[in-house]
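Report on the structure given below.
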Amino acid sequence: MDRRLGDKGFTLLEIVLVMVVFGLIFGMGISVWMGILESRKVGVTRSILHTAENCLVNYVLQSHTVPPAAEGYTRWCLVKDAWGNRVKFENVADGEPVHARMSTKELRDREGVHPGVVMVLVSMGPDGRQDYSITEEYFDFRKGDDIHLYVTASELNLMLL
């Protein structure tokens with residue numbers, strides 16, 4: 001293009017290139033921001049699980065029994081995770097008195113194996129689907145996006161001392 005000394009402004013090509021660069025920068029910023037929001041939701045959900053755990057522990061302290069599960073959810077501690085899903089409650093010793101030989105299972109997750117688990121609080125995570133499995137011997141949280149918090153029999157017995 002032939003530019004004269006007095007011409008001012010940008011060509012259409014220059015404007016389009018600047019818009020493409022801004023679009024790329026904006027797109028990368030949005031993806032980083034979404035990752036930050038998702039990690040904050042995981043942190044909020046962990047906090048919610050601890051709140052529900054405290055509620056269940058108060059039940060144990062008052063009744064000296066493990067709270068019974070009501071269709072996978074607890075009647076006493078109705079809470080929702082950061083994605084709006086109800087927190088699920090799994091237990092092994094459904095309504096059992098807290099004692100040294102109460103029913104327990106192993107819990108397996110990405111951090112290892114945890115023996116003597118009595119209760120598990122579960123958020124189904126961002127997808128809202130149950131990704132963990134339960135067998136006669138253990139809870140398996142090694143795959144999927146479910147977030148869990150567990151309570152062992154020894155923890156419950158220590159609380160009642």
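The values are calculated or read from the model by the stated rules, or taken from the named source; none is laboratory data. The structure presented is a predicted model; accordingly, all values stated were derived computationally and were not measured. We place every Cβ from the backbone using ideal geometry, glycine too, and count neighbours over all the protein chains shown.
List of remarks:
So that you can scan it fast, the table gives a plain yes or no per residue for (1) surrounded by fewer than 19 Cβ atoms within 10 Å (Cβ to Cβ); (2) touching a residue at least 60 places away in the same chain (Cβ under 8 Å); (3) among the polar types (S, T, N, Q):
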| site | (1), (2), (3) |
| --- | --- |
| PHE89 | no, no, no |
| GLU96 | yes, no, no |
| THR104 | yes, no, yes |
| GLU111 | yes, no, no |
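- Considered as a group, the residues in the stretch 121-161 that are among the β-branched types (Val, Ile, Thr) and either modelled with pLDDT of 90 or more or assigned to a loop (DSSP other than H, G, I, E, B) (or both) include one that is surrounded by the fewest Cβ atoms within 10 Å (Cβ to Cβ), and that residue is THR135.
- In the stretch 118-161, of all residues being under 16 Å from GLU53 (Cα atoms) and of a type in the set (Ser, Thr, Tyr), the one that is farthest from the chain's Cα centre (by Cα) corresponds to SER154.
- Only one of the numbered conditions (1) of a type outside the set (D, E, K, R); (2) surrounded by 11 or more Cβ atoms within 10 Å (Cβ to Cβ); (3) part of a loop (DSSP other than H, G, I, E, B) is violated by GLY84, and that is (2).
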